[in-house]
Amino acid sequence: MTTTRFAPSPTGRLHVGNIRTALHNWLWARKRGGRFLLRLDDTDSERSKEEYVEAIRADLAWLGLDIDGEERQSARFDRYEAAFEQLRAAGRIYPAFETAQELELKRKILLGRGKPPIYDRAALDLTKQQIADFEAEGRTPHWRFKLDHDAPIEWDDLIRGPQHFDPALLSDPVIRREDGSWLYMLPSAVDDADMAVTHVVRGEDHVTNTGLQIQMFDAMGVSPPAFAHEALLVGSEGKLSKRLGSLGVEAFREQGIEPMAVVSLLARIGTSDPVEPFADPAPLIESFDFARFGRAPARFDSEELAALNAKIVHQLDFEGVADRLPDGMGAEGWDVIRPNLATVAEAADWWHVVEGPVETIDFDEETAAFLDEAAAIAGDLDWSDAAWMNLTGALKEQTGRKGKALFLPLRQALTGRDHGPEMAALLPLIGKDRAIARLQRAG
Ligand code: GLU
């Protein structure tokens, strides 16, 4: 069974880049009828906060990305310990005692000689006596995973294609700190193995980690999952700006952006499929395919999101939005007003135009006289059907006005605005009494 996971650290809110990764994992799981897991990478007890855990859950729920299970790394330390012991016994983990300063110095020397700053494995040459001396001094080691230099690292990335790394050109990664706390690398591989994750979908900033983790999977005797590393998300200005880094569900909600607008955009940018407004994720699930992802960064544009949002709002059914509409606004009102909205929240503004009072406009004398006539005709009109057509038809005949001179003052007097929903649909909502009163007042 296909299993994907989204693995955020609950040290902050999700931003649009994280959301995109979560979405792709979800789409793939749903396409394959598989499972989508939320894995909270909360080994860092200091920086991980319960409020962020809750915010992450709430954000996924708002986006409609339902999860099939939740795991927390903080509940799995026993497992990491066991894997650590297994790999240590197999000679794949070794202690190292260099201080951060010593490591930095080694790095600088190598770089100064024009060499790649690969860890020199000096810790592997320590004698038992040297180790005992360090320990007697009260120094505790950090721990490195020993890469197998004879096993070339290869995988066929679902987005990037065939990947190849020479392990001799990589540093043995530090997997555990002096204080016993875990770095990201080993726990993640242990989890992916234990949770039977079949596809790891994440940003291309993790490509090197994948190379290292593939050797960890091998060392643990499990076959690695498939990997898809997606190109990173950048802003319309061409980089992952600060602004994008803090743009998340909270901001989207404030801007009146619908979850499906976010989903529609993030599912398709960076792919060869067109961005289209979908009010339901089914077509996005259907068309999701790693083969459609490009290698160039995906560009996120807030204006594109806003435009997509408007198109999605225009597709939303009354039932789906009823609880967000002003009191008294029914299905008929929604259908009339919907095509004019950029956000659902704007419906309240238009509903206000229906219910009044509307803004008063100063008309010139001639127009005021025309509106007086309109008020009189409106009083005699059959309001049960095609009121707008009947009103404008009668006025046209009586006054000789046509086009803009006929329609605009009526719209202005009836709504207080120059633009808006189709008057033919809006007028019945305004209703006879209010319409006559508004025309009279303008006249
Ligand atoms: N917690 C890691 C991150 O947010 C997870 C990466 C992964 O998907 O393995 O970068």
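The values are calculated or read from the model by the stated rules, or taken from the named source; none is laboratory data. Every value quoted in this text rests on a predicted model; they were computed, and no experiment measured them. Here Cβ is always computed from backbone atoms with ideal geometry, including for glycine, and neighbour counts include all displayed protein chains. For the accessible areas, the whole protein counts, side chains as well, though only heavy atoms, and no ligand, DNA or RNA atoms are used. Shrake-Rupley method; radii C 1.70, N 1.55, O 1.52, S 1.80 Å.
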Keeping to the range 343-368, report how many residues are open to solvent by less than 80 Å² (accessible area, probe 1.4 Å) and hydroxyl-bearing (Ser, Thr, Tyr).
-> 2
Of the criteria (1) over 16 Å from the mean Cα position of the chain (by Cα); (2) farther than 30 Å from ASP157 by Cα; (3) surrounded by fewer than 18 Cβ atoms within 10 Å (Cβ to Cβ), which one ASP273 fails | (2)
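For ASP148, state whether it is away from the ligand (no atom under 16 Å from the Cβ) and open to solvent by 30 Å² or more (accessible area, probe 1.4 Å).
Working: away from the ligand (no atom under 16 Å from the Cβ): yes; open to solvent by 30 Å² or more (accessible area, probe 1.4 Å): yes.
Judged against the criteria, ASP148 is a match.
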Complete set of residues in the range 175-193 that are within 14 Å of the ligand (Cβ to nearest atom) and not hydrophobic (A, V, I, L, M, F, W, C) | TYR184, PRO187, SER188, ASP191, ASP192
Matching residues, the range 5-39, being more than 10 Å from the ligand (Cβ to nearest atom) and in contact with a Lys or Arg (Cβ under 8 Å, 6 or more places away or on another chain) = ALA29, PHE36, LEU37, LEU38
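From the residues in the range 310-330 that are small (Gly, Ala, Ser) and in a helix (DSSP H, G or I), which one is farthest from the chain's Cα centre (by Cα)?
Restricting attention to the range 310-330, the residues satisfying the condition of being small (Gly, Ala, Ser) are 310, 320, 322, 328, 330.
Filter once more, so that each one left must be in a helix (DSSP H, G or I): 310, 320, 322.
Numbers: ALA310: 18, GLY320: 21, ALA322: 25 Å.
Only one residue fits best here, namely ALA322.
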When you look at VAL344, is it touching a helix residue (DSSP H, G or I) at 6+ places or on another chain (Cβ under 6 Å), not in a helix (DSSP H, G or I) and not charged (D, E, K, R), yes or no?
-> yes
The range 215-247, residues that are at pLDDT below 95 and not aliphatic (A, V, I, L, M) = GLY235, SER236, GLU237, GLY238, LYS239, SER241, LYS242, ARG243, GLY245, SER246
Check ALA96, ALA123 and return the single one that is without any contact (Cβ under 8 Å) to a residue 60 or more places away in the chain and more than 30 Å from VAL53 (Cβ to Cβ).
-> ALA123
Scan the range 390-405 and report the pairs whose first residue is among the basic types (Lys, Arg) and whose second residue is assigned to a helix (DSSP H, G or I) and open to solvent by 50 Å² or more (accessible area, probe 1.4 Å), with Cβ atoms within less than 8 Å and a gap of 6+ or a chain change.
-> LYS402/LYS396
Which numbered condition ASP172 misses (of (1) more than 11 Å from the ligand (Cβ to nearest atom); (2) touching a helix residue (DSSP H, G or I) at 6+ places or on another chain (Cβ under 7 Å); (3) open to solvent by less than 10 Å² (accessible area, probe 1.4 Å)) = (2)
Somewhere in the range 219-227, is a residue touching a Lys or Arg at 6+ places or on another chain (Cβ under 9 Å), within 13 Å of the ligand (Cβ to nearest atom), open to solvent by less than 60 Å² (accessible area, probe 1.4 Å) and in contact (Cβ under 8 Å) with a residue 12 or more places away in the chain?
-> yes
Selected residue [assigned to a loop (DSSP other than H, G, I, E, B), of a type in the set (Asp, Glu) and away from the ligand (no atom under 13 Å from the Cβ)] from GLU46, GLU54, GLU70, GLU81 | GLU46
Could you grab me the full set of residues in the range 114-138 that are within 44 Å of the chain's Cα centre (by Cα) and assigned to a loop (DSSP other than H, G, I, E, B)?
-> GLY114, LYS115, PRO116, PRO117, ILE118, TYR119, ASP120, ARG121
Checking ALA261 against (1) part of a helix (DSSP H, G or I); (2) at pLDDT 95 or above; (3) surrounded by fewer than 18 Cβ atoms within 10 Å (Cβ to Cβ), which single condition isn't satisfied?
-> (3)
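Name every residue in the range 276-300 that is outside any loop (DSSP other than H, G, I, E, B) and either of a type in the set (Phe, Trp, Tyr) or buried (at least 18 other Cβ atoms within 10 Å of the Cβ) (or both), in order of residue number.
Applying the first criterion (outside any loop (DSSP other than H, G, I, E, B)) to the range 276-300 yields 282-287, 290-293, 298-300.
Result: LEU284, PHE290, PHE293, ALA298, PHE300.
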Has the range 331-338 got at least one residue that is outside any helix (DSSP H, G or I) and out of contact with any His (no Cβ under 7 Å at 6 or more places or on another chain)?
-> no
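So which residues in the range 194-209 are near the ligand (Cβ under 9 Å from one of its atoms) and among the aliphatic types (A, V, I, L, M), if there are any at all?
Step one: of the range 194-209, the residues near the ligand (Cβ under 9 Å from one of its atoms) are 200-203, 205-206, 209.
Answer for the range 194-209, where residues must be near the ligand (Cβ under 9 Å from one of its atoms) and among the aliphatic types (A, V, I, L, M): VAL200, VAL201.
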